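Data first, discussion second: the structure below is written as structure tokens.
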Amino acid sequence: MTALAHLKGIIFDMDGTLVDSGLDFAAMRSEMGLKAGIPILEQLVELPQDERRHKEEILHRHEMAGADRASLIDGADRLLEALAREGRPMAIVTRNSTPTTEHTLKRLGIGHYFDIVICREDGPHKPDPWAIEEICRRWRMEVDEVVMVGDYLLDLLSAQNAGCPSVLFTEGKPPEDVEGADIATHIATHFDQLYQLLAPVEDSI
Ligand SMILES: [Mg+2]
């Protein structure tokens, strides 16, 4: 048995975990006139409606451009294929928008792996545990029967807030360089390592 083999469902973050969206957050913030250091969505909520709508249009333009040049992180398709063969359900929880997410998944041909995709329009977003709880309701699982896999602090916080295990995926970076490494219950620096945590038997992809 591998460390997380007993879990019944697998939830992924999208951008930076499965997909390199090529989003330039610094350029987005600067064009929107937003501060560094505070997530964009949290800053937008604080703005008056007109200003917020205007900035949301800029955000949407950047996100769609990102989706147009998005690529799969090397090995993501092999990982998804291997996990799909085992038959556990998989979901995506992203702070990206529904149109951009649908466009990205379709372009990269990985949408069919996921039976639930939750985007920011669907409810309170990460670090709120709502999306994980909602997926568990739909899958009829307890929160400790699923795992949240992500590349950033907000993914790990959402898992912590929900009470489920988490895997920080670093795509080769040293974990100590990634914000939130201390909160993750597990860490994988490469997809092979991630598969070894999740697979029902000792195996590699
Ligand atoms: Mg991410």
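The values are calculated or read from the model by the stated rules, or taken from the named source; none is laboratory data. Just so it is clear, the model here is predicted, and its values are computed rather than measured. Positions of Cβ are backbone-derived with ideal geometry, glycine not excepted, and every protein chain shown enters the neighbour counts. We work out accessible area using only protein heavy atoms, side chains counted, and drop any ligands, DNA or RNA first. Shrake-Rupley method; radii C 1.70, N 1.55, O 1.52, S 1.80 Å.
Screening the candidates Met32, Met14 for the property of being outside the structural domain of Phe169 (by TED's automatic domain parsing) and open to solvent by less than 20 Å² (accessible area, probe 1.4 Å) yields one hit, Met32. When the residues of region 110-130 are filtered to those that are within 15 Å of Pro89 (Cα to Cα) and not in a loop (DSSP other than H, G, I, E, B), the one that is farthest from the ligand (Cβ to nearest atom) is His112.
Out of the residues in region 172-199 meeting the condition of being loosely packed, with under 14 Cβ neighbours inside 10 Å and part of a loop (DSSP other than H, G, I, E, B), tell me which one is modelled with the lowest pLDDT. Only one residue tops the list, namely Glu179.
Looking only at region 25-55, count every residue that is touching a residue at least 40 places away in the same chain (Cβ under 8 Å) and either closer than 30 Å to Arg85 by Cβ or of a type outside the set (A, V, I, L, M) (or both) and tell me the total. Before you say what the answer is, go through the steps one by one.
Step one: filter region 25-55 for residues touching a residue at least 40 places away in the same chain (Cβ under 8 Å), giving 39, 41.
Imposing the further condition that a residue be either closer than 30 Å to Arg85 by Cβ or of a type outside the set (A, V, I, L, M) (or both) reduces the set to 39.
Qualifying residue count for the region: 1.
Close contacts from region 157-178, counting a first residue that is more than 16 Å from Met141 (Cβ to Cβ) and a second that is assigned to a loop (DSSP other than H, G, I, E, B) and of a type in the set (Gly, Ala, Ser), with Cβ to Cβ under 6 Å and a gap of 6+ residues or different chains, come to Leu168/Ala181; Leu168/Ala184; Pro175/Ala181. So is Gln43 open to solvent by 90 Å² or more (accessible area, probe 1.4 Å) and of a type in the set (S, T, N, Q) or not? Spelling it out, it is not the case that Gln43 is open to solvent by 90 Å² or more (accessible area, probe 1.4 Å) and of a type in the set (S, T, N, Q).
Of the residues that sit in region 85-96 and are away from the ligand (no atom under 15 Å from the Cβ) and either assigned to a loop (DSSP other than H, G, I, E, B) or at pLDDT 95 or above (or both), which one is nearest to Gly109 (Cα to Cα)? Looking at the filtered set, the residue picked out is Met90.
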